[in-house]
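The values are calculated or read from the model by the stated rules, or taken from the named source; none is laboratory data. Source: prediction; values computed, not measured. Heads up, the Cβs are rebuilt from the backbone with ideal geometry, glycines too, and the neighbour counts pull from every protein chain shown.
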Amino acid sequence: MELLSYLKYLKLGVYFILLVGISSHILVWMDGLVEEREGGIKKFLRGIFFRVPFQTGIMKLGLSRWTAHFLIFLSFLWFLFFYWFPWVIKSSGLNEKTVFVLHDLFSLALFSGISIAFLRRFFSRKDTRGEFEDFYSLSMLFGIWLSGFLLQISKIQSIEKTARKGEFFLGKFGTWLFDNMGVNLSFVPLLYIHVMLVLIFVASIPWTKMIHILMLPLKEVFGRENAGN
Amino acid sequence: MPEINLSENLSIFDLLDISACASCRECYLYCPVYDVDRRKVLTPREKLKTLNSILKKERGLLALLFGPRVREKEIMDFLSALYECSVCAQCREVCPAGIDTPKLWERIRAGMVSSGYGPLPQQKTISQSIKNYDNPWMQPRAMRGKWADRAFKEGRISKQVQDITKNRAKVLYYVGCTASYDQNITEVAINFVELMNIAGIEFGILGPREKCCGSTPLRIGDYKTFEEQALANIKLFTELQVHTVVFSCSGCFKTMNQDYRELQKLPFRTVHLVQFLLELIEEKKLIPVKEVPLKITYHDPCHLGRHNRLYDEPREILKRIPGIELIEMKRSREFSRCCGAGGGVKAGFPSINNAMSDMRIDDAESTGADELVTACPFCYQSLMLSIQRKNSYLKIRDVTELLIRSVK
C-alpha cells in the first residue's frame with residue numbers, strides 16, 4: 001500500500017498540473033477585449049439548468065452521439081463526486097444500498113457510453129474517426145472503467161463467499177464469472193493501475209481535447225449568446 | 001516578420017469559444033470548403049486547435065515564464081487557411097458548442113489587415129474599387145441606376161423608377177452592387193421593381209448615389225472600409241428619413257441588418273425582399289393567380305438562411321404560386337451548402353468558389369428539378385456561372401422571376 005500512502009501528494013501533483021494547464025487558458029483570456037454579454041441572466045440560468053445538464057448542444061448531432069456523451073457525462077459526474085467529493089453524496093441523504101446500486105448503474109452507463117462512442121467511430125467517415133488524442137481519451141476512460149470493474153471484483157473475491165454482501169448486479173455478475181473461470185484477481189496491482197490511470201487522465205485534461213469537460217459548461221453558462229446556439 | 005496579434009480584436013467570449021472546441025469533428029462533415037479541398041488545415045476544428053495552440057504559446061503560462069515560442073510558419077499556415085473560408089456559418093450551425101466561427105474569423109482577419117498581413121493580394125482590389133467607385137466591380141457610379149432607365153425604355157417595367165432623393169418615398173429599394181451592374185442579374189431588380197409597381201407601393205432607389213454596403217470588406221477583414229461605407233449609408237438613409245429599406249441581396253441585408261446594428265441603432269427597418277413580398281401577398285396587394293407549372297428546388301443563401309434565419313419566407317412565396325412543385329435538396333435550410341461566393345473566396349480563391357458552386361449544382365440536379373431558385377444575386381451569379389461551366393440542364397431563377405410570372 002505504499003502508493004496509496006503517497007496518494008495525497010500524487011493528488012496535489014495532479015492539481016498542480018491541472019492548474020498550470022488551466023492557467024494557460026486563463027492567461028490567454030485575460031488578453032481579450034471586454035464585450036457586452038447578451039442573454040443576461042436568462043442565458044446563465046438556461047446554461048446551468050438546461051444546456052449543461054441535458055447536453056442539448058450535442059443533441060443536434062444525433063441520438064447515438066448524444067446518448068454516448070450523456071451517459072459518459074452522467075457517470076463522470078457520479079464518479080467525480082463519489083471519489084473526489086464524497087461529502088456531496090454523503091450529505092445527499094441517500095442510504096448505502098441506494099448508493100451502491102447507483103454506483104453499479106453509473107458504471108454500466110460509463111461502459112455503454114464508451115462502447116457507443118467506440119462503435120460510432122468505427123462506422124463514421126474515415127477522416128472524422130479521430131486521431132491519437134481522441135482514442136487516447138476514450139481508451140483512458142475504458143481503462144479506468146475496466147480496472148475499476150476488476151478492482152471491485154477482486155474486492156468481493158477477497159471476502160468469504162458466505163460473508164459477501166453489499167455487492168450488486170454488476171459486481172455480483174463479474175465475481176460469479178471470475179469465480180467460475182477460476183481466476184482470482186489480485187487487489188493491490190489492480191488498485192495501483194486504477195489509481196494511476198485516474199490520476200493521469202485527470203492531469204491530462206487541460207492538455208488534451210478533454211479540456212472541453214471544463215470549458216464547455218463554462219461557455220454555456222458564462223459565455224456569449226451565440227447564433228449557433 | 002511584422003508583429004501580428006491574432007487576438008487583437010478578440011473579446012473574452014471569443015477566446016472562451018476557442019478553448020471550448022471539443023474536437024468532435026462534426027464540422028468536417030459539413031464544411032463546404034473542405035468538401036472541395038480536402039486539407040484538414042481548412043476545417044474549423046483544425047483552425048481552432050492551431051489558433052488555441054498559437055495563443056497559448058504566445059501568452060500561456062510557459063510563454064510567461066520562458067517567453068513566447070511560436071514559429072512563423074505556424075502563424076503563416078494558419079493565416080492562409082483562414083482566408084479560404086466563405087464564412088457561411090455552416091460550422092457554427094452544427095457545432096455542439098455553438099462556437100461563433102464566422103465572427104471569430106472576421107475579427108482575426110481584421111487584425112491581420114491592421115497588421116499588414118491581409119487581405120490577400122487578389123482581394124485588395126475590392127476595397128480599392130469600393131473607395132474609388134462605391135462598388136467592388138470597378139464600374140462608374142453613373143452607371144449604377146442605368147438598368148432602371150433601360151428596363152423602362154424596353155417596356156419591361158410599367159413605371160419609371162423614382163429617385164428617392166426626389167420623391168422622398170418612405171420605402172427605399174437598396175439594389176446592391178451585383179444586381180445593379182451585372183447585366184445577367186439586373187433581372188432580379190427589374191422584376192422586384194415591377195412587383196412593387198403592381199402592388200402600388202411608392203418607393204425609390206438611390207441610383208448613382210447608392211454606395212456599396214461594405215459586406216465584402218468586412219468579410220475580408222478591411223474593417224476601416226466597411227465602417228466608412230456603413231456610416232455613410234446610415235447617414236444618407238437617416239437624412240432621407242426612410243422607414244423601410246428593402247434588399248434583394250442577402251449579403252447586403254445581412255450586413256445592414258446585423259453588422260450595421262453593431263455600430264449603432266438604426267432609425268429604419270431593414271427587410272429582405274422575400275419578407276417584403278410575402279407581406280404584400282398577405283395583404284392581398286400581390287395575388288399570384290397564373291399557373292407556373294415547374295418543378296423547382298430552392299437554394300438557401302447563407303446570409304439569408306443561417307445568418308438571418310429566413311428559411312420559410314421564400315418557400316412560402318413559392319408555395320403560393322400555383323403550379324410550382326418545390327423539391328428540397330438533401331442539404332437545405334440550415335444545412336444548405338454554400339455556393340462559395342461569399343467571404344472573399346470568390347476573389348481570393350476562384351477555383352474553390354467554382355468547385356463549391358459546381359457541387360451545389362450537383363445537389364440541385366440530383367433532385368430532378370427543372371429550375372434552381374434562389375433569393376440572392378450573388379448566389380445567382382455564382383450558380384449561373386456554374387450551370388454554364390457544367391453545361392447543366394438547370395435554369396437559375398430568382399424568387400421574383402417566378403412570382404412576377406404568376407401575378408402579371
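Here are the numbers:
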| quantity | calculated |
| --- | --- |
| Unmet criterion (only one of (1) over 20 Å from A:MET210 (Cβ atoms); (2) within 13 Å of chain B (Cβ to nearest Cβ); (3) aliphatic (A, V, I, L, M)) for A:LEU138 | (1) |
| Neighbours by Cβ (under 8 Å, 6+ apart or cross-chain): first from segment A:22-35, facing chain B (nearest Cβ under 7 Å) and assigned to a helix (DSSP H, G or I); second crowded, with 18+ Cβ neighbours inside 10 Å and of a type in the set (Ser, Thr, Tyr) | A:HIS25/B:SER19; A:VAL28/B:SER7; A:VAL28/B:SER19; A:TRP29/B:SER19 |
| For B:CYS95: the one exception among (1) touching a Gly at 6+ places or on another chain (Cβ under 8 Å); (2) over 30 Å from A:LEU18 (Cβ atoms) | (2) |
| Condition met for B:ALA364 (in a helix (DSSP H, G or I) and of a type in the set (A, V, I, L, M)) | yes |
| Yes/no for A:LEU7 being farther than 30 Å from B:ASP100 by Cα, aliphatic (A, V, I, L, M) and at pLDDT 90 or above | no |
| Flag for B:GLU154 being surrounded by fewer than 19 Cβ atoms within 10 Å (Cβ to Cβ), in contact with a strand residue (DSSP E or B) (Cβ under 9 Å, 6 or more places away or on another chain) and at negative phi | no |
| Set B:ILE317, B:ILE287, B:ILE324: member being touching a strand residue (DSSP E or B) at 6+ places or on another chain (Cβ under 7 Å) and in contact (Cβ under 8 Å) with a residue 60 or more places away in the chain | B:ILE324 |
| Filtered residues of segment A:97-134 (kept if out of contact with any Leu (no Cβ under 8 Å at 6 or more places or on another chain) and more than 12 Å from every other protein chain (Cβ to nearest Cβ)) | A:LYS97, A:THR98, A:VAL99, A:PHE100, A:VAL101, A:HIS103, A:LEU105, A:PHE111, A:SER115, A:LEU119, A:PHE122, A:PHE123 |
| Residue within segment A:81-91 that is among the hydrophobic types (A, V, I, L, M, F, W, C) and closer than 19 Å to B:ALA22 by Cα present | no |
| Positions within segment A:1-17 being within 12 Å of chain B (Cβ to nearest Cβ) and surrounded by 13 or more Cβ atoms within 10 Å (Cβ to Cβ), in sequence order | A:ILE17 |
| Subset of segment A:37-56 [assigned to a loop (DSSP other than H, G, I, E, B) and either at the interface with another protein chain (Cβ under 9 Å from one of its Cβ atoms) or at pLDDT 85 or above (or both)] | A:ARG37, A:GLN55 |
| Members of segment B:311-330 that are touching a helix residue (DSSP H, G or I) at 6+ places or on another chain (Cβ under 6 Å) and part of a loop (DSSP other than H, G, I, E, B) | B:TYR311, B:ILE321, B:MET329 |
| Helices (runs of 4 or more DSSP H) fully within segment B:1-118 counting 1 or more residues that are under 29 Å from B:LYS224 (Cβ atoms) and at the interface with chain A (Cβ under 10 Å from one of its Cβ atoms) | B:12-19, B:44-59, B:90-94, B:101-114 |
| All helices (runs of 4 or more DSSP H) inside segment B:204-259 with 3 or more residues being under 22 Å from B:PRO140 (Cα atoms) | B:215-220, B:223-239 |
| Residue within segment A:215-224 that is basic (Lys, Arg) and within 14 Å of chain B (Cβ to nearest Cβ) present | yes |
| First in segment B:394-408 and acidic (Asp, Glu), second anywhere and modelled with pLDDT of 95 or more and in a strand (DSSP E or B), Cβ under 9 Å, 6 or more apart | B:ASP398/B:VAL373; B:ASP398/B:THR374; B:GLU401/B:VAL373 |
| Leading residue by the ranking (modelled with the highest pLDDT) among those in segment A:57-96 that are part of a loop (DSSP other than H, G, I, E, B) and within 11 Å of chain B (Cβ to nearest Cβ) | A:GLY62 |
| Conditions (1) closer than 21 Å to A:LEU77 by Cα; (2) in contact with a Pro (Cβ under 8 Å, 6 or more places away or on another chain); number of the one not met by A:ARG46 | (2) |
| Out of B:LYS40, B:LYS47, B:LYS131, sole residue that is of a type outside the set (Ser, Thr, Tyr), surrounded by fewer than 21 Cβ atoms within 10 Å (Cβ to Cβ), free of Cβ contacts under 8 Å to residues at least 60 places away in the same chain and touching a helix residue (DSSP H, G or I) at 6+ places or on another chain (Cβ under 9 Å) | B:LYS40 |
| Cβ-Cβ under 9 Å pairs, at least 6 apart or on other chains, segment B:372-391 side surrounded by fewer than 24 Cβ atoms within 10 Å (Cβ to Cβ), far side charged (D, E, K, R) and modelled with pLDDT under 95 | B:GLN381/B:ASP182; B:GLN381/B:LYS346 |
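Table: residues versus (1) in a loop (DSSP other than H, G, I, E, B); (2) at pLDDT 95 or above.
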| residue | (1), (2) |
| --- | --- |
| B:GLU262 | no, no |
| B:PRO267 | yes, yes |
| B:LYS295 | no, yes |
| B:PRO301 | yes, yes |
